[in-house]
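Notes follow the structure.
The values are calculated or read from the model by the stated rules, or taken from the named source; none is laboratory data. Computed from a predicted model, the values in this text were never measured in an experiment. Reconstructed Cβ throughout: ideal geometry from the backbone, glycine too, with neighbour counts over all protein chains shown. Please note that ligands, DNA and RNA were not included when accessible areas were found on the heavy atoms of the full protein model with its side chains. Shrake-Rupley method; radii C 1.70, N 1.55, O 1.52, S 1.80 Å.
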Amino acid sequence: MALLGFLIVFPLVVAAVLLAVRGDGARNVIVCASAVVIGVASVALVVTNLGTAGVYFEFSSLALDFTCTGISAVIVAVIVAFAVKYKNLLAGALAVVQLIMALVLEFGFAHEIEVPLGLYFDSLSLLMAFIIGVIGSGICVYALGYMQDFQAHEPEGAKDRRPTFFALMFVFLSAMFVIVFSNNMEWMFTGWEVTTVCSFLLIGYTKTDEAIANAFRQIIMNLAGGIGFLVALYVCAIHLHTFSFVEFIAIGVAQPALVGVAVVALAFAGITKAAQMPFQTWLLGAMVAPTPTSALLHSSTMVKAGVFLLVKLAPIFLMSPIPSMMVMLVGGITFLLCSFMAISQSNAKRVLAYSTIANLGLITACAGVGTPEAVWAAEFLILFHAIAKSLLFLCVGTAEHHIGSRDIESMDLLFDRMPRLARFMMLGIMCMFIAPFGMLVAKWATLVSFVDMDQVALIIILAFGSAATFMFWAKWLGKLAGIAGSPENVELTVKPTEWASLLLMAVLLVAACVTLPLISAYVVEPYVVSVYGILGQDISTDNLWIASICVAVVCVALFAGLGGSKQRRVGVYLAGVSRDGDERAFQNALSGTSVATARNWYMDDVFGERRIAPVGVVFNSIIMVAALLIVVVAPALTF
């Protein structure tokens, strides 16, 4: 319990210190040292509790309950202040509604409800703790070098807001630990809303008109999800008389109809946090934020809070057809349509954003299926997506600062211009869609779980969505792999903190793929067995080890030759008479000069956002409204 408390409180202390530190040197030392401490503590918690079925701690505090209510009031005050400043009535109104609901809940219904076992962890919590503590703190280290370059590109005389930036990053880490370790759903809700306001402030960091507009879009949608969370808390207080998450799940499995409204409301909260359609626009808009924000909040951790909640609810979905159908269809449609829309994107961060939303949709669909096999697949999708996307976001951020663009079409010859970075980027991309890397293993397990449940619609969605996934990743990978000429190496000025974080993510990705059978045996399977009482693994351990060995061989081949001092350069061969090898110019059939170019096909007229996005928004909105109406009306009709 002391270690759990440390992981929650220590980042808050670091945030308070960083808020007061102005010098680069002191900030670098504090962030690096704190990241190491948080990472080591997270790993220690995981390693010393491998295979646990769940550990619950007797910890309750009326003062802490009131503190959480006070935090909610502060959050609303911050949102209302910005809403007044920027004249956004809807955001202010939603914040006030949420505060009123929270106060009425606390003082009208919740004052007599105690949760003796306030803190806990199980194997799923440990998986999330590893992602938050190691990947999250690694991104904070990366941000040191990135934000130094970012500040250097700011107009002369611009205020240095990096102390606030780094303070918010560490507050966010603390809030995420609160979410995954809280058995008290009121405390979980507080962490939930702290991540929302941190995201709001970080998206609007640059204070441009676009950044402010996108920040308000995020806060409006996530406040709606927060209100959904509060509706579930009202049901728990009035009908169940408990805020214990484990008790709520047990009641939901035994009496699904009793928690129907609460489950749909919590699922709605998870769907908004995970940026599922029709809420995908807040995550796309968040890409205006500095790259560390994209990597930490909007790829590896914050959006994972949404799918973490949905996966925890999976046993109830297995017993509740209406909430299950809602979550499955919303996730499946999001996966399919966002995979198609990613094809039409040339902006690397938007490709990553659409891919993130799509993969979160696949995890959501697995949670909706609710079987042990689907949960096994969902946990691995969470792990590999968090590591691979963190690596890719960091790579794109570094590339943008050194080639002056985040457009995929500007990444010609990146294999020569930034040889180490290009290999890291290729590793992340290959993990997302190529066998035998872990993401594809998890997708195969997802397919098997859909087949076992005779989910024909989801099977078709997975097939076509995966085909679209192959197309947009293959285009990007092909662009990176092109080698010609002798361009200048521009990665020599990459900051050491950036290299350290990139190397950490790459090592974690390879290690996770190579040790996949061990992760399955000691982290994923114990959670599945503790929840369902049976093993939910569809792929044999022998096959997992074969995949691990293949990954090791591929990685050796990818990084072989790095660091060599003697490189033999030859002229570009253009299958004919070359006029200028460096410019890729050759003599054409009419004895004229042509330039060889390689450009991708984006098919915006077929897979463009304006054509596809409204379909998903309409369908998913109808599905969620219908599910809510059914769970509300059906019990009344029965009565």
Exercise. Would you list the P(r) distribution for the stretch 402-463, with all Cα-Cα distances sorted into 5 Å bins from 0 and each bin expressed as a whole %?
Key: 4, 16, 17, 15, 11, 11, 10, 9, 6, 2
Quiz item: Hey, which lysines would be in cross-link range of residue 312, C-alpha to C-alpha under 21 Å, not counting anything within fewer than 8 residues on its own chain?
Solution: 273, 304, 443
Self-check item: Square roots of 5 times each gyration tensor eigenvalue, C-alpha, the stretch 53-120, largest first, Å
Solution: 31, 13, 10
Exercise. Calculate, for the stretch 175-243, the solvent-accessible area per residue in square angstrom, rolling a 1.4 angstrom probe over the heavy atoms of the protein chains.
Key: 22 Å²
Exercise. Return the calculated 222 nm mean residue ellipticity for the chain, to the nearest 500 deg cm²/dmol, obtained by summing -39500 (n - 2.57) across DSSP H runs with n ≥ 4 and dividing by the residue count.
Key: -23000 deg cm²/dmol
Quiz prompt | Relative packing of 512-521, 138-147, which averages over residues the other C-beta atoms within 10 Å, highest first | solution = 138-147, 512-521
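Trypsin sites (Lys or Arg not before Pro) within the stretch 583-622: which are DSSP loop residues with at most 14 other Cβ atoms inside 10 Å?
599
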Quiz prompt | Overall Cα dimensions of the stretch 282-357, principal axis frame, Å, largest first | solution = 41, 25, 14
Quiz prompt | Alpha carbon Rg of the stretch 321-362, scaled by the compact-globule rule 2.2 N^0.38 Å | solution = 1.27
Exercise. Mind checking the per residue accessible area of the stretch 394-530 for me, 1.4 Å probe, whole number of Å²?
Key: 35 Å²
Quiz prompt | Expected-Rg normalisation [2.2 N^0.38 Å, Cα atoms] applied to the stretch 462-561 | solution = 1.48
Self-check item: Order by protection proxy (mean Cβ within 10 Å, highest first), peptides 426-434, 150-158, 218-226
Solution: 218-226, 426-434, 150-158
Self-check item: In the stretch 36-114, the GluC sites (Glu not before Pro) that fall in loop regions by DSSP, at most 13 other Cβ within 10 Å
Solution: 58, 112
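I'd like the carbon and sulfur percentage of the solvent accessible area for the chain, probe radius 1.4 Å, heavy atoms only, ligands and nucleic acids excluded.
Carbon plus sulfur share of accessible area: 68 percent.
Considering the convex hull of the alpha carbon atoms of the chain, report its projected area averaged over all viewing directions, in nm², one decimal. Working shown, then result.
Working: hull surface 119.1 nm².
For the chain, averaging the hull's shadow over all directions gives 29.8 nm².
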Quiz prompt | Relative packing of peptides 284-290, 391-397 - highest average C-beta neighbours within 10 Å first | solution = 391-397, 284-290
Exercise. Any chance you could check the Cα centroid distance between the stretch 146-184 and the stretch 1-65 for me, in angstrom?
Key: 16 Å
Exercise. Find how many whole Å separate the alpha carbon centroid of the stretch 354-400 from the alpha carbon centroid of the stretch 411-427.
Key: 23 Å
Quiz item: Relative to the Cα centre, what is the charge dipole magnitude of the stretch 422-494, using +1 at the beta carbon of each Lys and Arg, -1 at the beta carbon of each Asp and Glu, and rounding to the nearest 20 debye?
Solution: 140 debye
Practice problem: Under 15 Å Cα to Cα from residue 495, which aspartates and glutamates show up? Leave out anything in the same chain fewer than 8 places away. | Solution: 24, 149, 400
Self-check item: nm² value of the averaged projected area, convex hull over the Cα atoms of the stretch 1-93
Solution: 9.5 nm²
